[in-house]
Structures are given as structure tokens and as C-alpha cells.
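Notes follow once the structure below has been shown.
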């Protein structure tokens, strides 16, 4: 093997073991460098062409190319590759920094970027699952699905791909929402204003409590209209039954 090296260099394995002398070497060809003295028996076999500079096991530079392949191995506490505007660097405390025109990763882990993110294989971010067409929480209570049928979905709230919203509870402009009513009180019971969508008797009610209110309702074609109660007593009925102040009337009487 043809080589140029520091005089007492005994090869990579001896130098990186801290028992042999540190040094550098350029080589071409095949040879086994044998350790001696404290590094006796610690040998290194070389092939192809290459170069290396070794201080110890955590500080060296090695490049080699042979019929078996090529390789680059660098160990260093700190490094800087690039320019002031675009670089990759390591500070020696186990952190790295990356910067380019549209991407910057600080050594504390903060990322600033501009551009497009494309992920087709899936993964997770902060407990959120990434799929080929969706992002979902770990328990699937929130789902963002590009294919629908819902773009946003949880157990009680959905936004459809046509813009429709379905919610089992909520609040809009001071009005509260539950599974079958819109109301202004703390519950769907009076006082306040209440609109219910009960399949049996949907109604619109305004009042103080269950004994004092005005209500529009529809139960069937023989039971519908408007009524008013005061202290649980009927003030008037209008609709299938017509009564004011205790007097009944129809279109003739």
C-alpha cells in the first residue's frame, strides 16, 4: 500500500482506542496497519483509496472508497457546513441548527418555514395521527378528512363537505343548543325563549316558568295553535281550540 502518514501513526483502530498515537494518513492499496506498544494487537485493515485524520474515538474524519463501496465518517463536537445565509451546524451540546431561505430550525427545536408540506405515508404530530387523507386526534373525537363525508367530525359536532353543520350542543349569539332545542335560559326549561324540535310536539315558547308562558305548538291536525298561561290558568287558546278569557268561539259563534 502506498501511503503518506504521520511517522508514528499506527492506524485508525489504535488511534481511536486512545492507546495508539493520533495522526493522519492518505493511502492507496491494501494493507493492515499493526498496533505496537500500548496498542499492540489493535490492527486496522485498509483497502482501496482514502484519507483520515484521527484524534480519538469522538474526534476524527475518515473517507474511503473501494470495490466494496465508499463511505464518509466524521465525529466532532461542533460543526458548521454552509454559509451565513444557509447552513447546518452543531453546537456540541447535542443540538443542531438548520437554516435556508425558507426554513430555519433553531437548536432549541423551534421551526420557522415557508413552503409546502407533503406527507403520504402518515405519521403522528403531538398525538395527532396523519393519514393519506385525514388528520385525527388520538381517540378519534376530532377528525379532519379531505374525502368526507365530514371535514370536521367529533362525537357531537360535524361539518359536512357541502358546508352543513350538525351539532348536539353549543351556543350562538347567547342562544344555547342541545340535541332538540334552542333556548336562552341555563337549561331548555323556562324562563326565556325556547324552540324545540320534539318529534311529538315541536313548540316555540316565551315565558317566565312552566306556569307562566306563551307557546306556539303543533301536535296534529286537531291539536295545534297558540296558548297563554298565567299562574297555570289559560288566558287564551288560538288554533284547533279558540278561547279567550274562558270564552270559546269559532267561525260562527
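On the stretch given as the range 172-205, residues that are closer than 19 Å to residue 220 by Cβ and at pLDDT below 70 total 1. Restricting 205, 220, 146 to those that are within 30 Å of residue 242 (Cα to Cα) and surrounded by fewer than 13 Cβ atoms within 10 Å (Cβ to Cβ) reduces the list to 220.
Among the residues of this structure, residue 82 counts as one that is loosely packed, with under 14 Cβ neighbours inside 10 Å and either out of contact with any helix residue (DSSP H, G or I) (no Cβ under 6 Å at 6 or more places or on another chain) or within 30 Å of residue 62 (Cβ to Cβ) (or both). The residue that is nearest to the chain's Cα centre (by Cα), counting only those in the range 1-38 that are within 20 Å of residue 61 (Cβ to Cβ) and in a helix (DSSP H, G or I), is 16. Of all residues in the range 65-73, none satisfies being within 24 Å of residue 3 (Cβ to Cβ) and in contact with a helix residue (DSSP H, G or I) (Cβ under 9 Å, 6 or more places away or on another chain).
From the list 141, 124, the lone residue that is outside any loop (DSSP other than H, G, I, E, B) and closer than 30 Å to residue 160 by Cα is 124.
Considering every residue within the range 52-60, establish whether at least one is in a loop (DSSP other than H, G, I, E, B) and under 24 Å from residue 5 (Cβ atoms). Among the residues of the range 52-60, at least one is in a loop (DSSP other than H, G, I, E, B) and under 24 Å from residue 5 (Cβ atoms), which makes the answer yes.
When the test is whether a residue is under 30 Å from residue 131 (Cα atoms) and either at pLDDT below 80 or more than 51 Å from the chain's Cα centre (by Cα) (or both), residue 169 passes it.
The values are calculated or read from the model by the stated rules, or taken from the named source; none is laboratory data. Here the structure is a predicted model, which means the values were calculated and not measured. Here the Cβ is made from the backbone with ideal geometry for all residues, glycine too, and neighbour counts use every protein chain on show.
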